[in-house]
1. Could you work out which residue, out of 225, 239, 85, moves most in a Gaussian network model of the chain, that is, has the largest mean-square fluctuation with Cα springs under 10 Å?
2. Would you please give the residues with an amide H less than 5 Å from that of residue 194, counting only those at least 5 places away or on a separate chain, with H modeled from the backbone geometry?
3. Need one number: the % of Cα-Cα pairs in region 1-109 sitting beyond the 18 Å mark.
4. Once the Cα atoms of helix 137-150 and of the chain are each reduced to a long axis, what angle between those two axes, in degrees from 0 to 90 to the nearest 10, is obtained?
5. On alpha carbon coordinates alone, what is the Rg over Rh value for region 224-268, Rh being the Kirkwood radius?
6. Send over a whole-number figure in Å² for the accessible area per residue of the chain, probe 1.4 Å.
7. So what is the relative contact order for the chain, in percent, with contacts set as C-alpha pairs under 8 Å and at least six apart?
8. If I compute solvent accessible area with a 1.4 Å probe over the protein chains, what percent of it on region 159-286 is carbon and sulfur?
Amino acid sequence: MTRTVVESKTKTTVIGFDEPFSVIGERINPTGRKILNEELERRDFSRVEADAVAQVAAGATILDVNSGAVFSNKMAEDPRYADNNFLEPTLMPELINRVQAVTDCPICIDSSVPGALENGLAAAEGRPLLNSVTGEEERLELVLPLVKKYNVPVVAISNDDTGISEDPEVRFAVAKKIVERAADFGIPAHDIVVDPLVMPIGAMATAGHQVFTLVRRLREELGVNTTCGASNISFGLPNRHGINNAFLPMAMGAGMTSAIMNPVALPVGPKKIAEKKAELDALGVVLPEGMDDEVFVQLFGMGSTKPRAGKEMEAIRAANFLFDRDPHGGDWIKFNKVAPKAGEEGRGRAGRTGGRRRRA
């Protein structure tokens, strides 16, 4: 069976057909995150470190580290910062070193800049996953030699010089081309993790069916592991978690073995709490004086003030259990075990100490 091995200095994650589904945490990515970009420009890595820890706690088995930042202020001072080929090769190893300092989770090095990929490979401990190569000729010639040189697995995205095709046959052909070209470099199929490209179902009604069919073919005909940007399927739709929660187990059933996604339900911030309290006040609801924010948000079904595993992680863990990839349901039980309240540790049912008494 195909097994793609990804390692940190001390920990191993195996992506495979009979392995638990691998969650590649996507949060360490400055794309579209204005505050994170500003922090990185000031060399403040605290959010990166916090995101790394929170994602692992939520169940990520690999952490994607993306260096695609935009340093607006430095760009104004030095035009070279407008070129990611200048910025990313320096930023990537800094990000990886910060992540490795707070967690032993294996890393996925994510950049479109070959210099950033190589510097990331030099900085990463163990055997990281490289993200990514495409079917574009220039990209194949730049990335595959790095994959061979460092003996690492790589994400292969099913687009080429013609762009992203809506035709699943074309996307399969691109994936096959990448696998064959990799073999020319001596890179085995088990070190290729194909992203067949998930289209938004809101724009293409057959998007789900397409990707399930593609994943089956990639597994059966090419013998490769697969991944995807999981949230793409629900882009532009209401209740995206509902769509994602259905999509992920169905994709797993079709043979998908990993996904690049956010495993964390983001905490409820002060602004939303204040808005909810104002709404309740307008309705004449009187709250107990000094109510703790965490108690408040849980009472009104708003979530939590702390990062925690997202709903998608619940669906994935349930699917792992149902596919017999969670021995005896240990991970599912651990995930759903309710922590005891303060002062009730060690108590049995209904808060009684010890077990049920037997009659003499």
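1. Between 225, 239, 85, it is 239 that shows the largest mean-square fluctuation.
2. Amide H neighbours of residue 194, under 5 Å, 5+ apart: 156, 225, 226, 227.
3. Here the tail beyond 18 Å accounts for 50 percent of pairs.
4. Orientation of helix 137-150: about 70 degrees from the principal axis.
5. 0.99
6. Values: 18490 Å² over 360 residues.
In whole numbers, the chain has 51 Å² accessible per residue.
7. 16 percent
8. 58 percent
The values are calculated or read from the model by the stated rules, or taken from the named source; none is laboratory data. What you see is a predicted model, and the numbers here were worked out from it, not measured in a lab. Neighbour counts are summed over all protein chains in view; Cβ atoms, including those assigned to glycine, are modelled from backbone coordinates with ideal geometry. To get the accessible areas, we keep the full protein, side chains included, count just its heavy atoms, and leave off ligands, DNA and RNA. Shrake-Rupley method; radii C 1.70, N 1.55, O 1.52, S 1.80 Å.
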